[in-house]
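The values are calculated or read from the model by the stated rules, or taken from the named source; none is laboratory data. These numbers were taken from a predicted model, which means no experiment stands behind them. Positions of Cβ are generated from backbone atoms using ideal geometry, with glycine treated the same way; all protein chains shown enter the neighbour counts.
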Amino acid sequence: RTNMTMGLTGKVAPYKAGFGPFPNEIYHAPYPNAFHGISVEQSLQAIDDLFACDIEPSRVAAIIFEPVQGEGGFYKAPDAFAQGLRQLCDKHGIMLIADEIQTG
């Protein structure tokens with residue numbers, strides 16, 4: 001695993017523990033998951049909140065998401081989430097990257 005991919009992962013144990021420092025200005029937002037009580041709306045709002053409080057959208061090169069989370073528990077992203085991300089990225093001129101290693 002490279003330092004940049006380690007910075008991208010949100011999972012500290014076992015991947016980040018004992019390593020670092022990692023690249024800065026990588027932001028994480030919650031993944032929508034009904035099992036964990038996080039709705040699509042809450043996930044998309046979290047990104048809007050990051051834009052309002054932590055980073056200007058014009059400084060964001062890309063948003064990376066997993067259509068199917070592997071390490072996160074094999075959860076499929078709701079269609080509304082992918083569509084919402086697409087709309088958000090189009091609105092701000094941000095590249096949307098689907099990290100689709102689980103789906104091939």
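Filtering region 1-53 to residues that are closer than 19 Å to PHE81 by Cβ, modelled with pLDDT of 90 or more and hydrophobic (A, V, I, L, M, F, W, C) leaves ALA29, ALA34, PHE35, ILE38, VAL40, LEU44, ALA46, ILE47, LEU50, PHE51. Scanning region 36-61 for residues that are over 19 Å from GLU25 (Cα atoms), of a type in the set (A, V, I, L, M) and not in a helix (DSSP H, G or I) turns up just one, ILE38. Looking at (1) in contact with a helix residue (DSSP H, G or I) (Cβ under 8 Å, 6 or more places away or on another chain); (2) over 18 Å from ALA98 (Cβ atoms); (3) surrounded by 12 or more Cβ atoms within 10 Å (Cβ to Cβ), which is the only condition GLN45 fails? Condition (1) is where GLN45 drops out. Pick out the one residue from VAL60, VAL40, VAL68 that is in contact (Cβ under 8 Å) with a residue 40 or more places away in the chain, β-branched (Val, Ile, Thr) and either at negative phi or in contact with a Gly (Cβ under 7 Å, 6 or more places away or on another chain) (or both). Among VAL60, VAL40, VAL68, only VAL40 is in contact (Cβ under 8 Å) with a residue 40 or more places away in the chain, β-branched (Val, Ile, Thr) and either at negative phi or in contact with a Gly (Cβ under 7 Å, 6 or more places away or on another chain) (or both).
Of ILE97, ILE101, ILE64, all but one fail to be part of a loop (DSSP other than H, G, I, E, B) and either closer than 20 Å to LEU8 by Cα or among the hydroxyl-bearing types (Ser, Thr, Tyr) (or both); the exception is ILE101. Candidates in region 62-81 are the residues that are surrounded by 15 or more Cβ atoms within 10 Å (Cβ to Cβ) and among the hydrophobic types (A, V, I, L, M, F, W, C); of these, the one that is farthest from PHE51 (Cα to Cα) is VAL68.
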